[in-house]
């Protein structure tokens, strides 16, 4: 147990240190903030042009603010396995006594911090620039919703990213899941706009609940009012973590058998 | 200096990479695909020509998305492979290699247009009829070349430092916003207009829409006016990129950073 | 072919690296990598640059192959200034850096050669024929259409060499050509280098393998801390230590402090310490072994001495002596 905890901690520290190895904190910050801002602005403009009362610019801005969590908590985590193979460090990790799930849990922990920072900044952008009214939001409720959303999204990212232990495809998958939420999770328009056959997919993704919950909190909902989406995210998120654990083990065995640890 | 043989060789090399493992195009076109599909849904309540705007605009955004990703990654890939030095010791210019790769990647970005078109057909049943098919093809070709050349401008910076990739990947979404590919530029604030006019994607999207829709001319220059601006900006970016490559290659050779990844 | 013709001329070459590259301006602290290096290389010879890691070998070879711009000094290759007319020069030279990187691993061997043939503007009528010949020369004909990611290390090295010959260069730069190769592949590589030189190609290579420099090079320069310590044929270098002797001491353990004490003894010009299986060996280049042996033995008192013997100096000892000198 201690070994695994140490593995989580070490992995988180490595993630943090390597974050700024290529680009400094200033440029990194600029990159994250400009990406989320311009993504938000794009959809706000589209919504403005479309003039659809079901998806107003403020609706779209708030959705994109919450969706900005995806960059770190899903994409960042999902890419981690592929990145280790890309750099040739996967074999080194796998030959330690720490189970690989805990190594990537450490990365997830680090990415959670980044994700929460990003979403807070994005909410600020949405309020300052795009007319989102957060004055009715209870700070504690909002914090809880964001923390739970982040928790469940990291689990999702780890589940998808586990494939990277065996295949090269985690980076491809990561890029898909990064943007899929914009389409499926009620970020830019209500889920009801999607075809009926596609809507169940929306409710399998934690971001859908997170976006809905934040919208309700912005409208003045209390913690009790959003307990259902919070519970849903906790449940789904936990299931993702369990699945991630099983999948990491499964793909690890496959990779060891096929010798694909060093293949990228 | 652009050597056509090196451009062709780089284009061929990039195409081989694509066919060996086509899944790698997904990270480059997924953003424009999702962005334009979301746009289709947002426009679906309004309908009419707006849906076609989204399809056309999606094609331009796809070309741009794939170009900016690949132009910055092009040099990065060579750094990772250790082939950057191997290329730079040849008599062919690095700018030719980047151009060849950008052309292929812009072309592949058109896959986004195809994907969006299919979604538009299947989900929304829109009918794409071109008012001027020949004009459409010419505009598409010129837009492709123009975006490739713009990609070269950014690719040049990666010769000096790996951090450039982060810097210029930031430019993907601003072009989505400023080009007005899927909406009218009129809804953007006035102060953004100069930035929009500098981007080839703006004029490319404009020419494509003029070739599609009767009576469309949002920027007031007409089809040939838009193409002229596109051509002039392409030449300007080409000259700029060649200067940049020369300057930045020199800088990289002074600092010895070609081999660092 | 005029064997006296100077093909590479280097005079007072200096390279100072800034500590980090920035888009605008330079980083802080500088590093002097090459410090007023001068040498000439004649047509058709194999010239080696021998030195420890970080000595400036790779920096020197990169400046000559136009990948790095010197801070000062003059270097001409084939009569062309490397900083002024680099484009003109590149079609007549090539550089092989070797190692696991430097090839497009998702392309096949043949596709890699095709790409670089185009980059070197090899005449189209020659391109296919030359690729086939090169693949045959390096023994990769059967693997020509296999992706490089499936090549063994030795195969990659051979492909590197083939790539280095696509333009039939007059001057070939080889940076550590046998680094990391197994002995058989390394031997084949050296044989190929020798064959190329016999065909008239001028070759400059860097290495830190003493026996390779001894075996392969017509002349070599020893470089350490960016400075040339000596230039000559392997024979003449060994002659420089002809009057010296070597004391080899094996003991269960020899500490760094004891090594420094032995180095400080009068008449000791160089010392190296090697860890062997279950013991350590100190090898000293000395003027007079007989007078030093008792002193050395007493310095190692308390350590279990396995053997002390006297030997003739090799090229490695000449190298050590030069590298240790100020």
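For segment C:79-121, the candidate set comprises residues that are touching a residue at least 60 places away in the same chain (Cβ under 8 Å), more than 8 Å from chain B (Cβ to nearest Cβ) and crowded, with 21+ Cβ neighbours inside 10 Å; within that set, the residue that is nearest to residue B:93 (Cα to Cα) is C:96.
Testing residue A:158 on (1) at pLDDT below 95; (2) away from chain B (no Cβ under 14 Å); (3) surrounded by fewer than 24 Cβ atoms within 10 Å (Cβ to Cβ); (4) more than 24 Å from residue A:34 (Cα to Cα), one condition comes back false. Which one is that? Residue A:158 satisfies all of (1) at pLDDT below 95; (2) away from chain B (no Cβ under 14 Å); (3) surrounded by fewer than 24 Cβ atoms within 10 Å (Cβ to Cβ); (4) more than 24 Å from residue A:34 (Cα to Cα) except (3).
Conditions (1) free of Cβ contacts under 8 Å to residues at least 60 places away in the same chain; (2) under 20 Å from the mean Cα position of the chain (by Cα), marked per residue:
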residue	(1), (2)
A:200	yes, yes
A:204	yes, yes
A:207	no, yes
A:222	no, no
A:233	no, yes
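Can you list residue pairs whose Cβ atoms sit under 9 Å apart, with the first residue in segment B:239-261 being within 18 Å of residue B:83 (Cβ to Cβ) and the second being at pLDDT 85 or above and surrounded by fewer than 19 Cβ atoms within 10 Å (Cβ to Cβ)? Count only pairs 6 or more apart in sequence or on different chains. Listed pairs, sorted by first residue: none to list.
The selection criterion, being in contact with a helix residue (DSSP H, G or I) (Cβ under 6 Å, 6 or more places away or on another chain), surrounded by 24 or more Cβ atoms within 10 Å (Cβ to Cβ), within 14 Å of chain C (Cβ to nearest Cβ) and not in a helix (DSSP H, G or I), does not hold for residue B:72.
Restricting segment C:233-286 to residues that are closer than 24 Å to residue C:214 by Cβ and in a loop (DSSP other than H, G, I, E, B) leaves a set whose member that is nearest to the chain's Cα centre (by Cα) is C:233.
Can you find even one residue in segment B:53-62 that is under 19 Å from residue B:158 (Cα atoms) and either crowded, with 24+ Cβ neighbours inside 10 Å or under 16 Å from the mean Cα position of the chain (by Cα) (or both)? The answer is no; no qualifying residue exists.
State whether the residues of segment C:12-26 include one that is farther than 18 Å from residue C:229 by Cβ, within 21 Å of the chain's Cα centre (by Cα) and at pLDDT 95 or above.
Within segment C:12-26, the subset farther than 18 Å from residue C:229 by Cβ is C:16-26.
Still in the list and also within 21 Å of the chain's Cα centre (by Cα): C:16-17.
If we keep only those that are at pLDDT 95 or above as well, we get none.
No: zero hits.
Each row is one residue, and each column tells you yes or no for (1) assigned to a loop (DSSP other than H, G, I, E, B); (2) at pLDDT 90 or above; (3) out of contact with any strand residue (DSSP E or B) (no Cβ under 7 Å at 6 or more places or on another chain).
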{"residue": "C:156", "(1), (2), (3)": "no, yes, yes"}
{"residue": "C:160", "(1), (2), (3)": "no, yes, no"}
{"residue": "C:185", "(1), (2), (3)": "no, no, yes"}
{"residue": "C:190", "(1), (2), (3)": "no, yes, yes"}
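Within segment B:1-38, restricting attention to residues that are at the interface with chain C (Cβ under 10 Å from one of its Cβ atoms) and outside any helix (DSSP H, G or I), the residue that is nearest to residue B:60 (Cα to Cα) is B:21. Counting only residues that are at pLDDT 90 or above and either farther than 25 Å from residue C:151 by Cα or assigned to a loop (DSSP other than H, G, I, E, B) (or both), segment C:192-223 holds 16 of them.
Here residue B:105 does not fit the description of being at the interface with chain C (Cβ under 10 Å from one of its Cβ atoms) and at pLDDT below 85. Screening A:106, A:92, A:76, A:26 for residues that are modelled with pLDDT of 70 or more and out of contact with any helix residue (DSSP H, G or I) (no Cβ under 8 Å at 6 or more places or on another chain) leaves exactly one candidate, A:26. For segment B:39-52, the set of residues classified as more than 9 Å from chain A (Cβ to nearest Cβ) and modelled with pLDDT under 85 consists of B:47, B:48, B:49, B:51, B:52, listed by residue number. In summary, helices (runs of 4 or more DSSP H) completely within segment B:167-237 and bearing 1 or more residues that are under 29 Å from residue B:155 (Cα atoms) and away from chain A (no Cβ under 12 Å) occur at B:193-198, B:200-212.
The values are calculated or read from the model by the stated rules, or taken from the named source; none is laboratory data. All values derive from a computational prediction rather than experimental measurement. Every residue, glycine among them, receives a Cβ derived from its backbone with ideal geometry; neighbour counts consider all protein chains shown.
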